[in-house]
Amino acid sequence: MAKPVILDMDPGIDDAAAIAVAVNRPDLDVKLITAVAGNVSVDKTTLNVLKLLEFFDKDIPVASGAKAPLKREFQDASYIHGESGMSGYDFPTVTSKPLDADAVSAIHETLQASAEPITIIATGAYTNIAMLLQAHPEDTQFIKEFILMGGSISGGNVSSVAEFNVFTDPDAAAIVFNSGLPITMIGLDVTLKALLTPETINELAHKGRAGEMLHGIITAYEDVHDGGKPMHDVNTILYAVKPEVIKTEPYAIDVVTEGPALGATVADTQHRWHEDGYTNANVGVDIDAAAFNQWFLDQVDLMNK
């Protein structure tokens, strides 16, 4: 039976690749996709979700969410993803529209209507999720787990210690990590190892319509590292369907919400702040990069079927 999931994202090029994989997996039942301000403004992230669903001819409800972090001024990452958030491919004009309900209401209604608990995969700022937990604490019984792209226990990408999604709204991240729900944190410790190589990116161009689209946006992606480009958010989908591929370790994670370490996800490895045995997240720490590249190419083949 397919796993029911809600995707909460801010596409963004790596989010776009994650959506492309998720909506074409027969073992995932995507009940709802919600958009949040992050890589670009929420009107653009919502539009980008609709572009992708029309590209793949998928009828999945979409809801627009938070326009800004809970307490802080919004700053996007258009310098990485382009002005639209999905540069590199000329998508047709969108004809569909998001739901009238906002993201929090849509998630609440979807959870309440589900016959079984739903996994929430969040790959942007966690503002929508934090707002849900605050507005509808009763919904925790309907959430199976959170799979989060974000955080790092080894260094950041927007500061020396902070990863972008958590840094964008650390107050929301603190609420999520203190929710008491099962959490898997797939952060930079994994995603900066799972780089798409130049060879893999070039091969995409020869993999049908879906491959051409992904090749276009990934080529335009400005998150460049020695050895390739990270598809950060795609790793959450990989974990959702093949958790054994990503090595995880349990940690007590605290989110820093003030000062020069703002947005840091601190693993209390010496139990100075928490009792021995306390953990609140399974943290991804390693992945086979070559296997990730092959798996991603295999997903593109699924998209073209």
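None of the figures in this text is laboratory data; all of them are computed from the coordinates on show. Just so we're clear, the structure is a prediction, and the values are computed from it rather than from any experiment. Cβ coordinates were reconstructed from backbone atoms using ideal geometry, including for glycine residues, and neighbour counts include every protein chain displayed.
Which order, highest average first, do 296-302, 109-115 follow once you tally other Cβ atoms within 10 Å for each residue and take the mean per peptide?
Result, highest mean Cβ count within 10 Å first: 296-302, 109-115.
Assign unit charges at the C-beta atoms only (+1 for Lys and Arg, -1 for Asp and Glu), then state the dipole size of the range 118-235 relative to its Cα centre in Debye, rounded to the nearest 20.
Using only the charged Cβ atoms, the result is roughly 220 debye.
If each of residue 2 and residue 141 carries a label point 7 Å out from its Cα toward its Cβ, how far apart are those two points in nm?
Roughly 2.7 nm, to one decimal.
Order 34-46, 269-281 from most to least packed using the mean count of other Cβ atoms within 10 Å.
Most protected by this proxy first, the peptides run 34-46, 269-281.
Enumerate the amide H contacts of residue 231 below 5 Å, restricted to partners 5 or more residues apart or on another chain; note that Pro and chain-start residues carry no placed amide H.
The list, which skips near neighbours in sequence, is 196.
Given the range 1-108, report the % of alpha carbon pairs whose separation exceeds 19 Å. Please list the in-between numbers first.
Numbers: 2338 of 5778 pairs.
Distances greater than 19 Å cover 40 percent of the Cα pairs.
In sequence order, what are the phi-derived ³J(HN,Hα) couplings for the range 273-279 according to the Karplus relation 6.51 cos²θ - 1.76 cosθ + 1.60 with θ = phi - 60°, rounded to whole Hz, with x for glycine and proline?
10, 10, 5, 4, x, 7, 9
Ranked highest first by average number of other Cβ atoms within 10 Å, how do 171-182, 217-228 line up?
With the highest mean Cβ count within 10 Å placed first, the list reads 171-182, 217-228.
Let a ≥ b ≥ c be the square roots of the eigenvalues of the Cα gyration tensor of the chain; is it rounded (a/c under 1.5), or, if not, prolate (a/b larger than b/c) or oblate?
It is rounded, given that a/c, with a ≥ b ≥ c, falls under 1.5.
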